[in-house]
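One structure below.
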Amino acid sequence: MKKNLPKNILLPALFGLLFYVFLTLGINAQLISKSKTLNLVGISLGILSLYGLVIGVLRNRMNLALGYAGFNIGRFLIGFILPIAVTIYQHYFYEPPKQYDSILEKKNIRFVTDFKKCHKIKYGTFLIGLDTIIRYSENNKDYESIKRRGSQITNRIKWLDSCSYIRFDESNGLTSGYVRLGNFEQDLHYMYSKPARTHYLSEEKIEPVVNLRN
């Protein structure tokens, strides 16, 4: 029996342990798929462990039993130590990502309103990028017309104060968005807009607006 033992009994056991780690990464592929580094580590472990086990078995069949022992050691270590390590990490080291109420808070933008200046641009024609916005009043109702390339959308709006208003569908009365004006710079000001529904911060916008005509 001793003659059949390889000179280094730890090496095949190590390859068996690496093979179990490789299988664990493969089973949890959805968790590591976004990390190129973990993907490369998993592939490298797979190649190394399979290559080592095959060569080892060809040299001495006892390496297969030792590799299996290493495989079981890996299963025990990961099954026992990993939950403890995760618990310690979450309790002492993990910091959950900060939740922001708005894109203004996230980007640390101080949005200053000026009711007198807002009143002057309550109605008129404005340019946002390549889009043109026209706010006007008709039959005691306020509207916002947005002209884009080849299309035009008209929203019924309701002013909450001199610097903010909501967009809504006049047919059903459902609110679709919220707009706030501020941060005035000569003929330029900024428009902060967001959907009225629950949304992601990426759906919020803060855009420079050029006053074309009042």
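What follows draws every value from the coordinates through simple rules; no lab data is involved. Bear in mind the structure is a predicted one, so any value in this text is a computation, not a measurement. Using ideal geometry, Cβ is built from the backbone for each residue, glycine included, and neighbour counts are taken over all protein chains shown.
Here are a few things to note about the model shown:
- Label-to-label distance for Glu138 and Lys158 is 2.0 nm, based on points extended 7 Å past Cα in the beta-carbon direction.
- Within-12-Å neighbourhood charge of Asn183 [Cβ basis; K, R +1; D, E -1]: 0
- Evaluated at q = 0.11, 0.15, 0.17 Å⁻¹: base-10 log I(q)/I(0), Debye formula over Cα of region 103-213: -0.34, -0.65, -0.85
- Subtracting the Cα-Cα distance of Lys147 and Gln99 from 0.36 nm times their residue separation leaves 13.8 nm of extension gain.
- Exposure proxy ranking, count of Cβ atoms within 10 Å, fewest first, for Val86, Val179: Val86, Val179
- Loop-located GluC sites (Glu not before Pro) in region 121-214 (DSSP state not H, G, I, E or B) with no more than 12 neighbouring Cβ atoms inside 10 Å: Glu170.
- Alpha-carbon centroid distance for the pair region 88-138 / region 145-194, whole angstrom: 12 Å
- Positive minus negative residues near Ser151 (Lys, Arg vs Asp, Glu; Cβ under 15 Å): +1
- When you filter the trypsin sites (Lys or Arg not before Pro) in region 177-214 for DSSP loop state and at most 15 other Cβ atoms inside 10 Å of their Cβ, you are left with Arg197.
- Full extension of the segment from Asn211 to Lys117, taken as 0.36 nm per residue of separation minus the current Cα-Cα distance, would add 32.7 nm.
- Region 77-164: chymotrypsin sites (Phe, Trp or Tyr not before Pro) in DSSP coil with no more than 15 other Cβ atoms inside 10 Å: Tyr94, Tyr100, Phe111, Tyr123
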